[in-house]
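Each remark here refers to the structure printed beneath this line.
The values are calculated or read from the model by the stated rules, or taken from the named source; none is laboratory data. The structure presented is a predicted model; accordingly, all values stated were derived computationally and were not measured. Ideal geometry is used to build each Cβ from the backbone, glycine not excepted, and the neighbour counts take in all protein chains shown.
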Amino acid sequence: MRFAQKVAVVTGGASGIGRACAVAFAREGAKVGVVDRSPEIGRETVSLIRERGGEAVFLQADVTEEEQVQAALAQAAETLGGIDVLHCNAGVAVRNRVSEQDAEGWDRCIAVNLRGVFLSSKYAIPYMFG
């Protein structure tokens with residue numbers, strides 16, 4: 001129970017590694033905010049945590065959209081009682097060779113992988129360190 005009495009927010013927490021991390025935080029006692037663009041699979045993750053006796057909420061947000069991130073983190077803090085841990089898991093991969101990659105796909109990768117971490121950190125830090 002390393003995270004008892006703590007609140008963990010996981011971006012990209014609806015599936016894959018993010019889901020596994022959200023479940024692990026809950027298993028260790030954290031209340032978990034699951035941030036993702038997909039409400040259907042995000043709510044599945046929350047249900048999975050609750051079925052195992054944990055506490056979690058789904059927070060819909062695209063980590064590239066500042067207002068959505070700000071609102072999701074404010075909701076997490078209000079609903080769960082603060083934010084102690086931010087796990088910036090949301091990410092996308094570019095799987096093409098540079099010569100085959102279009103600029104739109106590259107821009108999306110940079111937006112999610114870099115801007116998403118920046119925005120999530122920017123809006124979580126005030127809750128974490130007051």
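Do any residues in segment 72-95 that are within 19 Å of Gly18 (Cα to Cα) have Cβ atoms under 8 Å from those of residues that are in a loop (DSSP other than H, G, I, E, B) and modelled with pLDDT under 95, where the two are at least six apart or on different chains, and which pairs are they?
Listed pairs, sorted by first residue: Val94/Gln101.
Report yes if Glu55 is surrounded by 15 or more Cβ atoms within 10 Å (Cβ to Cβ), over 13 Å from the mean Cα position of the chain (by Cα) and of a type in the set (Asp, Glu), otherwise no.
yes
Considering segment 67-78 alone, what residues qualify as being loosely packed, with under 15 Cβ neighbours inside 10 Å and either within 14 Å of Ser120 (Cβ to Cβ) or touching a Lys or Arg at 6+ places or on another chain (Cβ under 9 Å) (or both)?
Glu67
Anything in segment 30-52 that is touching a residue at least 24 places away in the same chain (Cβ under 8 Å) and either over 12 Å from the mean Cα position of the chain (by Cα) or over 20 Å from Phe118 (Cβ atoms) (or both)? List them, or say none.
Ala30, Lys31, Val32, Val34, Ser38, Ile41, Gly42, Glu44, Thr45, Leu48, Ile49, Arg52
Report yes if some residue within segment 98-115 is touching a Lys or Arg at 6+ places or on another chain (Cβ under 6 Å) and of a type outside the set (Gly, Ala, Ser); otherwise report no.
No - not one qualifying residue is present in segment 98-115.
Does segment 93-130 hold any residues that are in contact with a helix residue (DSSP H, G or I) (Cβ under 6 Å, 6 or more places away or on another chain), at pLDDT 95 or above and of a type in the set (A, V, I, L, M, F, W, C), and which are they?
Leu119, Ala124 - these are the residues of segment 93-130 that are in contact with a helix residue (DSSP H, G or I) (Cβ under 6 Å, 6 or more places away or on another chain), at pLDDT 95 or above and of a type in the set (A, V, I, L, M, F, W, C).
What pairs can you find where one residue is in segment 16-29 and free of Cβ contacts under 8 Å to residues at least 60 places away in the same chain and over 14 Å from Val85 (Cβ atoms), the other is part of a helix (DSSP H, G or I) and of a type in the set (D, E, K, R), and their Cβ atoms are less than 9 Å apart, with a gap of 6+ or different chains?
Arg19/Glu44
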